[in-house]
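Scroll down for the structure; my scribbles are underneath it.
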Amino acid sequence: MSQNKKQQHVDICLKHPVETGTNGFEAYWFEHTALPEIDLAEIATSTEFLGKAISAPLIISAITGGSDKLGAINRHLALAAQQLNLPLCVGSLKTALEHPETASSFQVRQYAPSIPLLANLGLVQLNYGYGLDECRRAVELIEADALVFHLNPLQEAISAEGDTNFKHLLSKLEKIIPQLGVPVIIKEVGFGISRPVAQKLANIGVKYIDVNGRGGTNWALVEGIRTNNPISTAFATWGIPTATCLRDCRDIHGLTLIAGGGIRTGVDIAKSLALGADYASLALPVLAAAATSEAAVVEVLTARITELRYAMFSTGEKNIHALQQSKKIHHPSDRL
């Protein structure tokens with residue numbers, strides 16, 4: 001992906017309405033607990049991710065990289081992630097691997113020495129000359145704790161120069177997983193991962209999936225705006241709502257689920273955990289802040305964590321495990 005393309009993506013996300021559809025969480029509500037019998041000060045949002053303690057089950061998802069301007073965004077994200085002790089995923093490292101002069105814009109370990117840091121590549125690149133060596137280089141380049149492979153067939157189809165050969169990727173991924181040396185995380189980019197796809201991934205050894213369902217940034221629209229492709233508007237509400245992805249995938253044995261896709265409040269985070277997620281992820285809500293400063297990112301993320309704490313307090317759940325086991329989340333179908 002060119003530096004110019006990455007900058008266009010960021011500009012479009014900041015200037016155009018690219019969030020369409022709903023994440024599905026609006027259909028669920030928590031049973032308010034008027035007498036929680038706990039002290040707000042006792043609420044603990046801390047948990048663990050990839051063997052490292054983190055302050056909340058919240059991952060800053062992939063955004064960008066590839067130029068000095070975009071590198072500043074990653075630097076602000078990394079500094080904020082380190083300050084708040086949250087995991088961070090960088091943008092696709094394809095640019096850095098193919099244009100080494102851009103690598104420094106992704107290399108943020110110096111700003112975030114102790115957090116879980118995630119490398120990122122498109123899985124489809126395994127059909128375009130990438131193999132185990134390139135995957136290892138991506139991990140080593142940013143000293144990552146895991147490698148995220150993103151799935152984006154619709155985005156690639158809309159893109160004028162998209163990589164659209166998605167054949168035989170499952171078998172190629174199966175060979176890479178045991179040799180890579182760090183965990184592999186699979187994520188969609190905003191259209192959701194269905195149960196059949198999640199089960200296939202689990203069957204070949206994938207342990208982490210970010211369902212990244214409908215409700216947040218619509219990358220078909222982003223690409224449509226960038227390439228002036230009117231076909232993209234037909235897909236304005238395409239995808240599986242994030243809540244549905246969680247409901248359908250939560251009982252797949254051995255999977256750790258991340259709820260990406262339209263996570264906009266701490267209540268969304270709380271609902272996702274009660275519906276089967278282990279973590280939530282977000283990107284667009286911190287983009288404008290990241291273009292400004294570390295402090296702006298900290299402010300946004302602190303607000304989301306505070307909202308999560310208040311949601312836990314108001315349901316009487318004092319830690320993340322208790323929230324995940326909560327029976328206080330409801331859906332209209334419960335009463336049928």
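The values are calculated or read from the model by the stated rules, or taken from the named source; none is laboratory data. Quantities reported herein were computed from a predicted structural model and do not represent experimental measurements. Every residue, glycine as well, gets a Cβ built from its backbone with ideal geometry; the counts of neighbours run over all protein chains shown. These area figures cover heavy atoms from the full protein model, side chains too; ligands, DNA and RNA do not enter into them. Shrake-Rupley method; radii C 1.70, N 1.55, O 1.52, S 1.80 Å.
Side notes on the structure shown:
- Alpha-carbon Debye profile of segment 13-53, log10 I(q)/I(0) at 0.14, 0.22, 0.25 Å⁻¹: -0.79, -0.88, -0.90
- Choice from Ala44, Ala96, Ala80 showing the highest fluctuation, given a GNM over the chain with Cα pairs closer than 10 Å: Ala44
- All Cα pairs of segment 106-200, percent lying beyond 18 Å: 49 percent
- Volume of the Cα convex hull of segment 133-279, divided per residue and given in Å³: 127 Å³
- When the square roots of the Cα gyration tensor eigenvalues are ordered a ≥ b ≥ c, the ratio a/c for segment 83-142 is 1.5 or more and a/b exceeds b/c, which makes its shape prolate.
- Rolling a 1.4 Å probe over the protein heavy atoms of segment 1-103, with every protein chain left in place, gives an accessible area that is 51 percent carbon and sulfur.
- With the alpha-carbon atoms of segment 10-143 aligned to their principal axes, the span from lowest to highest coordinate is 58, 35, 29 Å, starting with the largest.
- Values of log10 I(q)/I(0) for segment 66-225 across q = 0.17, 0.18, 0.19 Å⁻¹ run -1.10, -1.23, -1.36, by the Debye formula with one identical scatterer at each alpha carbon and no solvent.
- The value obtained for segment 228-336, namely the Cα convex hull volume divided by the number of residues, is 146 Å³ per residue.
- Ranked by solvent-accessible area (1.4 Å probe, protein heavy atoms only, all chains present), the residues Asp163, Asp210 order from largest to smallest as Asp163, Asp210.
- Within the chain: Cβ-based charge dipole about Cα centre, in debye rounded to nearest 20 (Lys, Arg +1; Asp, Glu -1): 420 debye
- Convex hull volume per residue in cubic angstrom - Cα atoms of segment 61-115: 61 Å³
- Neighbours of Val206 by Cβ distance under 12 Å: Lys/Arg scored +1, Asp/Glu scored -1, total +1.
- Relative to the 2.2 N^0.38 Å rule of thumb, segment 30-75 has a C-alpha radius of gyration ratio of 1.90.
- Within a Gaussian network of the chain (alpha carbon springs, distance under 10 Å), most fluctuating of Ala202, Ala290, Ala138: Ala202
- Legend: residue pairs Lys15/Lys187; Lys6/Lys187; Lys172/Lys271; Lys69/Lys207; Lys5/Lys52; Lys187/Lys271, Cα-Cα distance threshold 30 Å; pairs beyond threshold, Lys172/Lys271; Lys69/Lys207; Lys5/Lys52.
- Value of Rg/Rh across the chain [Cα atoms, Kirkwood radius]: 0.95
- For the chain, DSSP calls about 20 percent of its internal beta bridges antiparallel.
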